[in-house]
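The structure under discussion appears below in the form of structure tokens.
The values are calculated or read from the model by the stated rules, or taken from the named source; none is laboratory data. Keep in mind that this is a model prediction, so the values were computed, not measured. Cβ coordinates were reconstructed from backbone atoms using ideal geometry, including for glycine residues, and neighbour counts include every protein chain displayed. We work out accessible area using only protein heavy atoms, side chains counted, and drop any ligands, DNA or RNA first. Shrake-Rupley method; radii C 1.70, N 1.55, O 1.52, S 1.80 Å.
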Amino acid sequence: MLDNPYLVVALVMGVFLIFFFLKRFIQLGKFERIEKMIHAKHFQKAIPLLKAMNAKNDDNILSHYYLGLCYFNLQNFEWAMPEFKKVIRHPRLGKEVDELEVREKLANIYLHYNQLEEAQKEFLLMAQLDPKNYKNYFEIGMILYKQGYLDPAYTYFQKALERNPKFPDAYYHVGLITYDKKRFNESLSFFSDAVKYDSTLYKARYYMGMIYFANKSYEKSL
């Protein structure tokens, strides 16, 4: 039987495939256990298991992602950042791990450390991957607004409103920009829309009061 080279090759391939699928099955079982830990918020218990997996195979995208997720949920952003960076550089990004989810968390870490340019790059990438998501455009607008780039910020707030015409925070910020530019009637309209969709947005009401007061509409101002 072993004199047949085709049969020998088939046997070797069969053994290899059995070994591969068995190893894969065991690995999936470990990840299932870790997923349950993360779901139960037992992050500290999951971390040493994930570290051990990375020590055995540093090329495993899932173990790096879950380790980053544990650190992120524990607000240990300093240690979460390098794990997520490894994930977004991995060739299997988007196949085994949701790219948008990782980039969103990484962008929030950059915001936490006030690394605005790095955060902006992530939100721009997310806007390309998911152009219908208004939140990415709003976050880009906020970064530009904080840096004093009012006109580009206005453009991105408007893009957010194109995708979600009921987004009060975007109305409020375009209201702020037009108010700073002394286009008071325009800003009043934006502030009115802001409180229309969020009646508790007291900051918008304050500016509305200021505009009415400047126009001597004291009753409305009050």
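Which ³J(HN,Hα) values in Hz, rounded to whole numbers, follow from the phi angles of region 211-222 under the Karplus curve 6.51 cos²θ - 1.76 cosθ + 1.60, where θ = phi - 60° and Gly and Pro get x?
5, 4, 5, 5, 8, 6, 8, 5, 5, 5, 4, 4
Using the Karplus curve 6.51 cos²θ - 1.76 cosθ + 1.60 with θ = phi - 60°, work out ³J(HN,Hα) for each residue of region 156-165 in order, rounded to whole Hz, and write x for Gly and Pro.
Once rounded to whole Hz, the list reads 6, 5, 5, 5, 5, 5, 4, 8, 9, x.
Grab the DSSP H runs of the chain that are 4 residues or longer, score each as -39,500 (n - 2.57), total them, divide by all residues and round the 222 nm result to the nearest 500 deg cm²/dmol. Numbers along the way, then the final one.
Details: 12 runs with 174 residues, N = 222.
So the helix-based figure for the chain works out to -25500 deg cm²/dmol.
Please give the helix 5-39 orientation as an angle from the longest Cα principal axis of the chain, in degrees from 0 to 90, rounded to the nearest 10.
Tilt of helix 5-39: around 40 degrees.
Would you mind calculating the relative contact order of the chain from Cα pairs under 8 angstrom and at least 6 residues apart, reporting the percent as a whole number? Before the final figure, lay out the partial values.
Working: 217 pairs, mean separation 17.2, N = 222.
Reported as a whole number, the value is 8 percent.
What is the local net charge at ALA52, summed over the other residues whose Cβ is closer than 13 Å to its Cβ (Lys, Arg +1; Asp, Glu -1)?
Values: positive: LYS30, ARG33, LYS45, LYS51, LYS56; negative: ASP58.
Residues near ALA52 contribute +4 overall.
What is the chain by shape, rounded, prolate or oblate, if you read a ≥ b ≥ c off the alpha carbon gyration tensor as root eigenvalues and call it rounded for a/c under 1.5, prolate for a/b larger than b/c, and oblate otherwise? Could you put the intermediate results ahead of the total?
On the way: a/c = 3.71, a/b = 2.96, b/c = 1.25.
Prolate, since a/c reaches 1.5 and a/b exceeds b/c.
Roughly what angle does helix 134-146 make with the longest principal axis of the chain, taking Cα atoms, 0 to 90 degrees, to the nearest 10?
60
For region 93-103, just list the computed ³J(HN,Hα) in residue order, Karplus coefficients 6.51, -1.76 and 1.60, θ = phi - 60°, integers in Hz, with x standing in for Gly and Pro.
4, x, 9, 9, 10, 5, 4, 4, 5, 5, 5
Which of the three applies to region 63-128, rounded, prolate or oblate, going by the alpha-carbon gyration tensor with a ≥ b ≥ c and a/c under 1.5 meaning rounded?
Values: a/c = 2.04, a/b = 1.05, b/c = 1.93.
Note, shape of region 63-128 comes out oblate.
For the chain, what % of the accessible area comes from carbon and sulfur atoms, probe 1.4 Å?
Details: 7920 of 14060 Å².
Carbon and sulfur atoms account for 56 percent of the accessible area of the chain.
Which whole-number value in Å² is the accessible area per residue of the chain, probe 1.4 Å? Walk me through the numbers before you get to the answer.
Details: 14060 Å² over 222 residues.
Heavy-atom SASA per residue in the chain reads 63 Å².
Evaluate E = 1/(1 + (r/R0)^6) for SER221 and ASP98, where r is the Cβ-Cβ distance and R0 equals 41 Å; express this FRET efficiency to the nearest 0.05. Each step should come with its number before you reach the end.
Working: r = 49 Å, r/R0 = 1.19.
In this case the efficiency is close to 0.25.
Trypsin sites (Lys or Arg not before Pro), restricted to region 40-82: which are DSSP loop and have at most 16 other Cβ atoms within 10 Å? Please report the intermediate quantities before stating the final value.
Numbers: sites: LYS41, LYS45, LYS51, LYS56; in loops: LYS41.
For trypsin sites (Lys or Arg not before Pro) across region 40-82 that sit outside H, G, I, E and B with at most 16 neighbouring Cβ atoms in 10 Å, the list reads LYS41.
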